[in-house]
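Engineer: Would you mind keeping the following structure in view while I ask a few things?
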Amino acid sequence: MNEIFNNLLLTIVILSGYTFLVSILNVFSFAKPKPLFPKKKNLLSIIVPCRNEEENINNCVDSILAQDYKNFELLLIDDNSTDNTWNIIKNLSKSHKNIHSFKGKPLPKNWAGKNWACDQAAKRSSGDFLLFIDADTTLSEYAVSSGLKQLEEDKIEFLTLVPKRKFFNFTDYLIWIMVSWFIFSWIPFYVARKIPYSLLAAGFGQFLLFNKEAYAKIGGHEHIKGLVLDDFELARSIKNFGFSSSVMDGTSLVETNGYKTSLESVDGHAKSIFATFRYNILLFLVAFFGLLILFYVPFLNVFSFLFGYEIESFYLLLSLSSIAFVFMSILLSSKAFSISLLSSFIYPIAMIVLLFSGYRSFLSSFDGELEWKGRSTPSTGLRKIYSIIFAPFIFINWVYKKIR
């Protein structure tokens, strides 16, 4: 038993040490785009899918119109909204000649809503480059020109920028601490740029800039039509087709709104978490329980020691080392993503919140009970096979829905 426990702690230290090492490497490779103007002034098509975005779309469009790069067309597609979004974007197109607004067609079977909207807009675009951004996103004055300059200078086909996130509730803040940690401390950006594999690919829907020819060759949004995690899936497709890409620090260029309430935050992230694993149950469970072990076994050892239980000094040293590695990696990821550095002190709480959102995602994916903006997220087609094994989690999920 001691040998098993010893190997477990060694594995925890290795993994936590890996996250710290990757974070340090990313500090030197996670660069901001240069605030320079591209040599060529090709037409850019900016595409913004809009579903129930009456509160956000004006700010988004204002930031686009204020860009120093002026050779663009803005395509606003109303994705079957139930609020006043259509009237707003229709009036915007009447006021500006480079804004084109249109209603999207009804959602076909086997398509995710956002993918369908983006696909329709992309087919109407005329630009040599495509920039997809979310309607709750605002851009700084130099965001577009800096992105195009980076594409031109690095000779790449795809660029995505990590946005700064505006928080409206503590739950969203906690979840984003862990999201930033996963991205910054597990993906070595320099290596990801160099290797032609999609394993380390990443994308952020707030800023997805494509060479249009490359976008067409990967099949665009139609290639990933039924997948919810469109930004990461497009990034993976770019890599799979042999194109070059880059993830850069956009926290000074792109800002996105977080979810307004804690309930929205849990459900909003839940729609993506299980999708990250391509709905692979085994991979999800390995990651879920692996994170529980990685984050909490070291603390269990330290607390046992503090409460008078005998713990071998070697085990205690391994536990303290792993806690220190995770603490430092979260400190670095939070700094990179413009999050308060105090996040390092509350990461055990943040992970619990993220894991709950993950299980909300996992359980709801079996029967389509999770809705987002009035639509059910895709279901895996399996139903209640998991009910006995995961009865405690189902009960927690039931309590959560009652609270809602």
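Read-outs: derived from the displayed coordinates by stated rules, not from any lab. Quick caveat, the model's predicted, so the values are computed rather than measured. Don't worry about glycine lacking a Cβ; one is built from the backbone with ideal geometry, like all the others, and counts go over all protein chains shown.
Engineer: Using θ = phi - 60° and the Karplus curve 6.51 cos²θ - 1.76 cosθ + 1.60, what whole-Hz ³J(HN,Hα) does each residue of the stretch 208-223 get, with Gly and Pro shown as x?
Structural biologist: 10, 10, 10, 5, 4, 5, 5, 4, 5, 5, 7, x, x, 6, 5, 5
Engineer: Over every pair of different alpha-carbon atoms in the stretch 43-90, take the mean of 1/r and invert it; report that Kirkwood radius in Å.
Structural biologist: Final number for the Kirkwood radius of the stretch 43-90 is 11.2 Å.
Engineer: Next question, about the same structure. Let me make sure I get this right: for the stretch 45-171, a, b and c are the square roots of the gyration tensor eigenvalues over alpha carbons, sorted descending. Under 1.5 in a/c it's rounded, otherwise prolate if a/b > b/c, else oblate. Which is it? Before the final figure, lay out the partial values.
Structural biologist: Numbers: a/c = 1.39, a/b = 1.28, b/c = 1.09.
It comes out rounded by the Cα gyration axes.
Engineer: Are there chymotrypsin sites (Phe, Trp or Tyr not before Pro) in the stretch 265-326 that DSSP puts in a loop and that have at most 16 other Cβ atoms within 10 Å, and which ones?
Structural biologist: Working: sites: 274, 277, 279, 284, 288, 289, 295, 296, 299, 303, 305, 307, 309, 314, 315, 325; in loops: 277, 279, 307, 309.
Of the chymotrypsin sites (Phe, Trp or Tyr not before Pro), the ones in loops of the stretch 265-326 whose Cβ has at most 16 other Cβ atoms within 10 Å are 307, 309.
Engineer: At 0.36 nm per residue, and after removing the present C-alpha to C-alpha distance, how many nm does the segment from residue 155 to residue 197 gain when stretched out fully?
Structural biologist: Working it through step by step, the gained length comes to 13.3 nm.
Engineer: What is the sum of charges, Lys and Arg at +1 and Asp and Glu at -1, for the other residues whose Cβ falls under 12 Å from the Cβ of residue 110?
Structural biologist: +1
Engineer: For Cα pairs less than 8 Å apart in space and 6+ apart in sequence, what is the mean separation divided by the residue count of the chain, i.e. the relative contact order in percent?
Structural biologist: Details: 700 pairs, mean separation 84.5, N = 404.
Dividing the mean separation by the residue count of the chain yields 21 percent.
Engineer: Excluding residue 301 itself, what net charge comes from residues whose Cβ is under 12 Å from its Cβ, given Lys and Arg +1 and Asp and Glu -1?
Structural biologist: -2
Engineer: Just to be sure I understand the model, the point goes 7 Å from the Cα along the line to the Cβ. What's the resulting residue 302 to residue 40 distance in nm?
Structural biologist: In this crude spin-label approximation the distance works out to 5.3 nm.
Engineer: Turning to a different aspect of this structure: Hey, what angle do you get for helix 113-124 against the long axis of the chain, alpha-carbon based, 0 to 90 degrees rounded to 10?
Structural biologist: Between the helix axis and the principal axis of the chain, the angle is about 30 degrees.
Engineer: I want the local charge near residue 125. Using Cβ-Cβ distances under 13 Å, sum +1 for each Lys or Arg and -1 for each Asp or Glu among the other residues.
Structural biologist: So the environment of residue 125 carries a net charge of -1.
Engineer: Another question about this same structure. Taking the chain as a Gaussian network, Cα atoms linked when under 10 Å apart, which of 159, 25, 285 shows the biggest mean-square fluctuation?
Structural biologist: Largest GNM mean-square fluctuation: 285.
Engineer: Counting each DSSP H run of 4 or more residues in the chain as -39500 (n - 2.57), what helix-only mean residue ellipticity at 222 nm follows after dividing by all residues, to the nearest 500 deg cm²/dmol?
Structural biologist: Calculated at 222 nm, the ellipticity per residue is -17000 deg cm²/dmol.
Engineer: How big, in percent, is the set of alpha carbon pairs in the chain lying more than 32 Å apart?
Structural biologist: On the way: 30460 of 81406 pairs.
Beyond 32 Å sits 37 percent of the P(r) for the chain.
Engineer: Please report, in whole Å, how far the alpha carbons of the stretch 30-259 spread along each principal axis, starting with the longest.
Structural biologist: 46, 44, 35
Engineer: Tell me the relative contact order for the stretch 30-259 as a rounded percent, counting alpha carbon contacts under 8 Å between residues six or more apart.
Structural biologist: After rounding, I find 28 percent.
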